[in-house]
Each structure stands twice: as structure tokens, then as C-alpha cells.
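The values are calculated or read from the model by the stated rules, or taken from the named source; none is laboratory data. Everything numeric here is computed off the predicted structure, so don't read it as measured data. Note that each Cβ is placed from the backbone with ideal geometry, even for glycine, and that neighbours are counted across all protein chains shown. With ligands, DNA and RNA removed, areas are computed over all heavy atoms of the protein, side chains included. Shrake-Rupley method; radii C 1.70, N 1.55, O 1.52, S 1.80 Å.
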Amino acid sequence: MARVFVYGTLKKGQPNYPHMINGAHGIARFQGRGLTVEKYPLVIAGKYNIPFLLNAPGIGHHVAGEIYSVDDQMLQFLDEFEGCPDMYQRTPMRIEVVEWEGKSSAPEERPAVNSILECYVYSTTTYQPEWINFPYYDNYDAFGKHGLQYVLRESRE
Ligand code: PCA
């Protein structure tokens, strides 16, 4: 099992969450919520209003997201779904635990609140330079007041 931190459309209540709970893609177990230890610019970009964590540490906010434990099959699905490595690259990042719900591990293996875990994150270094000037978010919501509603894959032209 691998640990993945999601900050965008894969979070609960967001447009691509159904893929996380689709057993045909493998297993993803929700473990808790977290925050990037480093600051990153999280922007919404392109004509489909896609959220991107730009891999430019030190700029932006500590970004909120969810920690999942996923099997190899789900990890492979997510790589394909996220256009990895062209659109996003999956890299290990340090994530601070905000809230832990994972029940699978023994109590002594349960990470404490405020402890730091290494998790895979889909961020990008292959972004258009002007994106760094876009507004930064700390907690992505496709339906937020920014009005930049995410366009689902199947609705794109
Ligand atoms: N999906 C991935 C990266 C951005 C996105 O929309 C995620 O939720 O973390």
C-alpha cells in the first residue's frame, strides 16, 4: 500500500471523488486529513479550470487535503487519470497530520496529530510560467466562490 495526499478534485465531495471509491480501480482507504508542511501555490488553470499544485515550495499556502492508503492498482489508475508524468508528476511530499481516522493499524502505529508523514502528491513542474501569477488557494473547492467550476473529463471538447 502507498500513501497518497489529494488536494483537488479527488477529495470527498469533489467532482472526481467517485473514482476513489470505485472498486474497479482498486482500493483507496481514507486515513485522515492533512496539510502540506511546505507552502505551495495551488492554482486553478486552463480552460477546464483544473487545480494544480505548482511544485514551487515556499510560495503560497500550506495546502489542505486528504490522506489515503491505496493499493498498486489504484495508484496505477490515478497515475493514468492524472496524466502522470506529463500533466502532473507524482512526488513524495511532507504532510502534517491534522486528523487521523485510519483504523487498520495498531494504536501504537497510528500517527499522532501534528506528526509528519511522507505521501505521494500529484503536483507539477511542467506548468505555464504565467500560472504562478494566478490566485492561490489553501483548500480547493470546485464549487467555491471563485466561480471556476471544474469541467469533468467527459464534458470536455
Ligand atoms: N486531482 C489530484 C490532483 C489535482 C486533482 O484535481 C488531487 O485531487 O490531488
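For this structure, a couple of remarks:
- Restricting region 11-36 to residues that are under 16 Å from GLN73 (Cβ atoms) and not small (Gly, Ala, Ser) leaves a set whose member that is nearest to the chain's Cα centre (by Cα) is MET20.
- If the condition is being open to solvent by 80 Å² or more (accessible area, probe 1.4 Å), at pLDDT below 95 and closer than 23 Å to HIS62 by Cβ, then region 84-111 contributes GLU101, ARG110.
- Filter result (open to solvent by less than 40 Å² (accessible area, probe 1.4 Å) and among the polar types (S, T, N, Q)) within region 117-149: SER123, THR124
- In region 46-84, the residues that are touching a helix residue (DSSP H, G or I) at 6+ places or on another chain (Cβ under 8 Å) and away from the ligand (no atom under 11 Å from the Cβ): LEU54, ALA56, ILE59, VAL70, GLN73, MET74, PHE77
- Residue check for PHE52: outside any strand (DSSP E or B) and under 16 Å from VAL6 (Cβ atoms): no
- Tallying residues that are within 16 Å of the ligand (Cβ to nearest atom) and either small (Gly, Ala, Ser) or without any contact (Cβ under 8 Å) to a residue 12 or more places away in the chain (or both) within region 108-157 yields 7.
- Every listed requirement among (1) over 24 Å from ILE116 (Cβ atoms); (2) out of contact with any Leu (no Cβ under 6 Å at 6 or more places or on another chain) is met by ASN55 save one, (1).
- Residues in region 9-36 that are among the basic types (Lys, Arg) and crowded, with 18+ Cβ neighbours inside 10 Å were compared, and the one that is nearest to the ligand (Cβ to nearest atom) is LYS11.
- Test for ILE44: is it at pLDDT 95 or above and under 14 Å from PHE81 (Cα atoms): no
- Test result for PHE81, under 21 Å from MET1 (Cβ atoms) and of a type in the set (Phe, Trp, Tyr): yes
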